[in-house]
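The next block holds one structure in the form of C-alpha cells; read it before the comments.
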Amino acid sequence: MLPWKRLLRPLAAVLLTATVVIAPAATVTAAEAAAPSRGWNDYSCKPSTAHPRPVVLVHGTLGNSVDNWLALAPYLVTRGYCVYSLDYGQLPGVPLFNGLGPIDKSAEQLQVYVDKVLAATGSAKADLVGHSQGGMMPRYYLKFLGGAAKVNALVGIAPDNHGTDLNGLTNLLPYFPGAQDLLSTATPALADQVVGSAFLAKLNAGGDTVAGVHYTVIATRYDEVVTPYRSQFLTGSDVNNVLVQNLCALDLSEHVAIGLLDRIAFHEVANALDPAHATPTTCASGLG
C-alpha cells in the first residue's frame, strides 16, 4: 500500500469516530435542546415510601442533562420517582456538547451533584442511571470518591465499562502520528474511553465493582459505538448483565437508541430501581 494511503486509513478512523458519536447527539440537540424538563429536576420533590431514593441521570459523551433524557426522565417521573440530571465534562467554549473533559474530573462533578440532590431530598442514598460514558464514569465516583456510601444502585445503559475499540478502528490510532495526543489534549474523555487507556486500567484494577452497590448493565448486540458489546458487562457478586435481544429478539436498538428511545430498556431500568416489584420484560414492554 502506498504511504499516503496508509495515513488516510487512520485519518478516516478518527473522523468516523467523531462522526459516529457526534451526529446522533447533534440531531437531538438541534431539535430539543431548548425543551424544558418534563417534571424532573424538581428540587421540591420528596421521595415516596414506594420509591424512597432519588434517581440521578448521567448523560453520555456529547450529551447534556436534557437531550439524553427526553424520554427516560418522564418515564420515571410518571412512575413516581424524583428524577434529576446533571451536566458534566464541559469544555470551555463548547456549549451543549458535554462529557468531553477528563473523566476523573467529571466524577468529581457527579460527587458534588449527588450531595446536592441528597441534601434537597433528605435521602441517605441515591440511585444512578447512566448512558454510555454516563454508565461507566460513576464507577470512578463509587470506587475512588466515596460514592459507594451514598449510592444504592448503578444502572448502566450501553456503558463502556472496559472501553471501546470502535470495531477495531482505535487500533489504527498509533499509525496516525499525533492522533492520540490530539484526542488526549482536545477531548480527554474520548481518549479515556479507548480500550487500554490509563484511566480504564485504573478504574478496573482490583475488580469491576465495590461492595454495597447493586449493578445492572443493559446492552444491545447492535451497539456500534461501544464494541465489542460484551465489553460493557461487569463481573462481580452483585451484577445483573442484560442483553435486550434476550428479552425481545425484535429489539434493533443500537447505541444511541437504547438510551434515548428504547422502552424495553427503560422497563429493565425500572426493574433495576425497584427489584422487589420487577415484572418480566418482553417485546410488549415497549408498548407500556
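Since every read-out is calculated from the coordinates, none of them should be taken as a lab result. Bear in mind the structure is a predicted one, so any value in this text is a computation, not a measurement. A quick note on method: Cβ atoms are made from the backbone with ideal geometry, for glycine too, and the neighbour counts reach across all protein chains shown.
Listing for the model above:
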quantity: Spatial separation of Cα centroids for region 228-245 and region 96-173, in angstrom; calculated: 16
quantity: Kirkwood Rh, angstrom, region 41-137 [1 / mean 1/r, Cα pairs]; calculated: 13.5
quantity: Two-site label geometry, Tyr43 and Leu96: point separation in nm, points 7 Å out along Cα→Cβ; calculated: 2.6
quantity: Set of lysines near Lys125 by C-alpha distance (under 16 Å), chain-local residues within fewer than 8 positions excluded; calculated: Lys46, Lys116, Lys143, Lys150
quantity: Cross-link reach list, aspartates and glutamates versus Lys202, counting only Cα pairs under 14 Å and skipping chain neighbours closer than eight places; calculated: Asp104, Asp192
quantity: Kirkwood hydrodynamic radius over Cα pairs of region 104-151, then Stokes diffusion coefficient at 37 °C and 0.692 mPa s, in µm²/s; calculated: 308
quantity: Extended-chain gain in nm, criterion 0.36 nm per residue less alpha-carbon gap, Glu224 and Asp115; calculated: 35.8 nm
quantity: Residues in region 130-154 reached by a label modelled at Ala278 [backbone nitrogen below 14 Å; 7 Å Cα→Cβ]; calculated: 153-154
quantity: Under the Karplus curve 6.51 cos²θ - 1.76 cosθ + 1.60, θ = phi - 60°, whole-Hz ³J(HN,Hα) for region 260-270, x wherever Gly or Pro sits; calculated: 9, 9, 7, 6, 5, 5, 4, 4, 5, 4, 4
quantity: Sequence ranges 63-74, 196-207, 240-251, ranked by mean other-Cβ count within 10 angstrom, highest first; calculated: 63-74, 240-251, 196-207
